[in-house]
Each structure stands twice: as structure tokens, then as C-alpha cells.
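A quick write-up on the structure given underneath.
The values are calculated or read from the model by the stated rules, or taken from the named source; none is laboratory data. Computed from a predicted model, the values in this text were never measured in an experiment. Please note: Cβ atoms are built from the backbone with ideal geometry, for glycine as well, and neighbour counts cover all protein chains shown.
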């Protein structure tokens, strides 16, 4: 029996992308593939792209170019490359947000399979079809013709010639639609107006369903019956199979296999996709489409499977998690889903990935008070200045955020609150940044994720006046990061002497005073190192009670188990 076919992945972007890559890996494992490193020889290379900034676009193109044209290099028993290795390139597949928003740019790089942010469950079939097509074409051509046919001679970054629009119509009006929307509305328009504008933008740029390009021989194109979305076949540019579907609520939530990490401590369950916010700096609604939710009964079933597999913590994730249920009937929302999931028996805890400040009603906070939900909330702030929040299209003022912060702490004592902050947004003067700095300093955050604003082509913010210099962004970012370090250490120090529930993740890394120690995360996201209790075995994945005794470096605590 020959060795398994090899597939290598490279993932850019957010934690949702990371989880989706893990789900795609499960699909390939189920079909007998071996997962290898991206720098290793493989028959298939898959790049899961990101488009949140222009730098993410650049990095996505860079990784695609690295993969295109690679040779799998299988070898005989004596190490001699086989005929297959001497003749065929590996299949390169590109998926994700950049593929969804800029399909023509991706096609121009000579990839073999292109899939956006829907229909990814068909990736294995598409890859194997591309490999069959590549093999049959290569057998009938001289090597130099095959190279040209597969588009490997294209100059990186250039669009294919006239065949590209015919074989795959681009999403029309993305930039023009956004610019028109920006010109037609005041910068500080209401959230409702932002969402209406966003809906118009979506309608303007929704790509037409791709049409199959007839083959040069005049033969009827093959039919893909695995899904409803047409498959594009381009016989010039090298993108053998392309599926980039228009995104709508009607498409529904795409279920992918649940990734099962080998350490069996923490699992991720994606319950939502898409975003309807249309913040002025963000391209995500165009890459991910509107909110689509996993049905509650399916979420319950998936959680049961994860608990049966031995996981004791499950993180509920999504692109806009707190909008869960907005597309469903019968009053389903995030709070009702949590109440349903908490009915399951057993020792486990749930953790939420993110909650928008305008979507945290008392009903949700009441459910979050359950001891089986981690005291950890990510509440994106973005700015502490009201004028900047309005320019961003955020739906709250700084005072609203502050009120929510205090309500959360009243309902959930000991809660860890993390936030995203963007510095250097257009129009952020020194005074407006100081407003943000003072606002953050006034609240006991557990963690801050500080980002320097990067203009994203295709968004309203990219056209705003008052762009901030790189030097000012660097200085503001450094100040906030120093403040974040101070706040994280202060938060950890508050819990010295308290007993915390800790999910044991791994044996602690060797360090003075840590011999034979384990470490894990508390429910409120503190890393705690502690000695293994006498007679204990197999602690990984367990939930144990640990009393914090002192703070080590940064925000890490040292403690001892209680009543083990």
C-alpha cells in the first residue's frame, strides 16, 4: 500500500480562520490524507486567506506564489524521484476571505482551485478533480505547453487576459459602491443608516453566479453535482475549479467538521458566520456576508459530541457571535442558545469569544452569571472618543461602553474583560487619542489588543480626511501597550489568595522553581502554574481548583491545588 497523499495548509488571519482550517484538515483526514507542514513536499497546498487589511492581502498573495508550481517529489524505495514527481505540479487551492473579495486577483496567480467563504465542504472533491484534470491535460502536452496552459508563466499580480471575465465575472462595484455610499452619507450617520448603506453596498457588489466556460474542443462541460453553486473551469489561467458564491442569508450556515485538537483540553464550536455591522474601516461584511447561525439543536448535538470526546472547555466562536440567531425564527438569540447548552449534564464550561457592546442585554448577562460559563468577555472598544466612534460607524458612545463595563462587573464578580483598540484612525488628533487613553486607564481591563489603523481599500474610512502619520501611530500604540501590560499585571495581582477553577493544559515549561509543574487557564483567563498534586496522573484536560499564591513574570500566577 502506498503512502497517503499529503496536504499542507497555511492560514492567515483571525481565530475563526484558524478553526476553519482545522475543520478542512478534518475533511482531508477523513479521505486518507496526511497533514504535513507547509514547507514540506505535498501533493496539495491550501492557503486560507485573510483580507482584513491591505497587508493581509499582500501576505495572502505572497503565500499563494510560494505554493504555485511546487512539485510533490514522491520517491521510490531507493529515493529516486518517480515519473509522477518529474511530470506534475502539486495542486494549489485558495480559500477564504481574500478569495471571496478578490477572485480575479487570485486567479491571476495561477491557482488550481478557488473557493470563497462558502462551499468549503467541497474542497476535497474539488482538489481531486483538479488533480485528475491536471494529469489528463499533462499527458497530452509537452511540458512547456502544460506550464503555459496551467498559467504558471503569468507575471504575479497581473490579471489574466480576456478569458478571465468570461470564465469568472468579478464582483462588480465593490470600490465604487463603497465610495458612492461614503459620498452619499455623513461621516457620523446613525447605526441604522450605516446598516442600510451596508445592505445597499451588498446588493451592488453581489457577484453574479459564475458560468462554466466551454472547452476549446467544443465538448459539453462536465457537471459538478456535489453542491448547488456552479463550478467555473478556466482553460487558460490555470484556475481549474472556482466556486465563489454570492453570500446571503438564504445560503445558510455552512457546517464543517468539528476540529478535535490532539491535546483534548479546549475545543472550538463555531455557531455563527457573517456580520451586518458595516463599520467604516472593515471589509469583513463583504468577505463573510450577512449573519448566518447554526441551528440550536445542531449546536447542542455538536457540544454533546465534543463533551463525549473528553473536552472540558468549549469556546463558542463566530465572526459576529453576539448576533447569533438574528437570522432565525422563534426568538432565538445567544442567551437562549446558552440556556439550552447549559442543560447538558457533566463537568464542563463554556467560553464566549466576543460580544459586541451594543448586544449585551441584561438577559444575556443573567445567563453569563452561570458558574459553567467562563468569567471572560471580549468587548471590542475600538476607541474611547465619541467623535472617532461616530466616524468608525460604531453604535455606542464611550459612556455607553463604560456603563456596560460596570454592569458586567456587578453581575460577574472577578470577570476578565478584554478589548480591541484601534489607534491612528483618520481624524484621531492628539486630543482624541488622549480621550481614549484616559478612558481605558479608568477601567480595569484584563487585556487590550492594540492595532494601528491601516487603510483598507474598499472601505469608507480609507477615503476619510485626517489620515494619521505612521510615527504618531507607533507612539500611540506603544503607550497603550505599556498601559495594557500594567493593567494585566494589576488584574492578576487581585486574585492572589483566591481559589480559581483551572483547566489543565500542559506540563509547565522548564524554569527555576517549576520542576514537575503544570499550567492552565482559569475561567477568567489567568495563566496559573502549580505543582502536580501527590499521586496525580494524567492531569491534562482536567478541571482543578487552584489557590493563587503569588505573581510570577507578567500576568502569570503561581499556586497550589486545593482538595485534589
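Within segment 424-436, the set of residues being surrounded by 16 or more Cβ atoms within 10 Å (Cβ to Cβ) and either in contact with a strand residue (DSSP E or B) (Cβ under 6 Å, 6 or more places away or on another chain) or without any contact (Cβ under 8 Å) to a residue 12 or more places away in the chain (or both) comprises just one member, 424. Can you confirm whether segment 283-293 contains a residue that is closer than 29 Å to residue 522 by Cα and either at pLDDT 95 or above or in a helix (DSSP H, G or I) (or both)? Checked segment 283-293: at least one residue is closer than 29 Å to residue 522 by Cα and either at pLDDT 95 or above or in a helix (DSSP H, G or I) (or both). Looking at segment 500-508, is at least one residue in contact with a helix residue (DSSP H, G or I) (Cβ under 8 Å, 6 or more places away or on another chain) and surrounded by 14 or more Cβ atoms within 10 Å (Cβ to Cβ)? Looking through segment 500-508, none of the residues is in contact with a helix residue (DSSP H, G or I) (Cβ under 8 Å, 6 or more places away or on another chain) and surrounded by 14 or more Cβ atoms within 10 Å (Cβ to Cβ). Restricting 444, 470, 465 to residues that are assigned by TED's automatic domain parsing to the domain that holds residue 417 and touching a helix residue (DSSP H, G or I) at 6+ places or on another chain (Cβ under 8 Å) narrows the list to 444.
When restricted to residues that are touching a strand residue (DSSP E or B) at 6+ places or on another chain (Cβ under 6 Å) and farther than 21 Å from residue 522 by Cβ, segment 328-358 contains 1.
Which residues, taken from segment 527-554, are in contact with a strand residue (DSSP E or B) (Cβ under 7 Å, 6 or more places away or on another chain), in a loop (DSSP other than H, G, I, E, B) and more than 17 Å from residue 312 (Cα to Cα)? Correct list: 532, 533, 552. A search for C-beta distances below 8 Å between a residue of segment 314-329 that is not assigned by TED's automatic domain parsing to the domain that holds residue 265 and any residue that is assigned to a loop (DSSP other than H, G, I, E, B) and modelled with pLDDT under 95, counting only pairs 6+ apart in sequence or on different chains, returns nothing. The set of residues from segment 306-322 being surrounded by 14 or more Cβ atoms within 10 Å (Cβ to Cβ) and more than 16 Å from the chain's Cα centre (by Cα) comprises 306, 307, 311, 312, 313, 314.
Counting the residues of segment 297-313 that are modelled with pLDDT under 95 and in contact with a helix residue (DSSP H, G or I) (Cβ under 7 Å, 6 or more places away or on another chain) gives 0.
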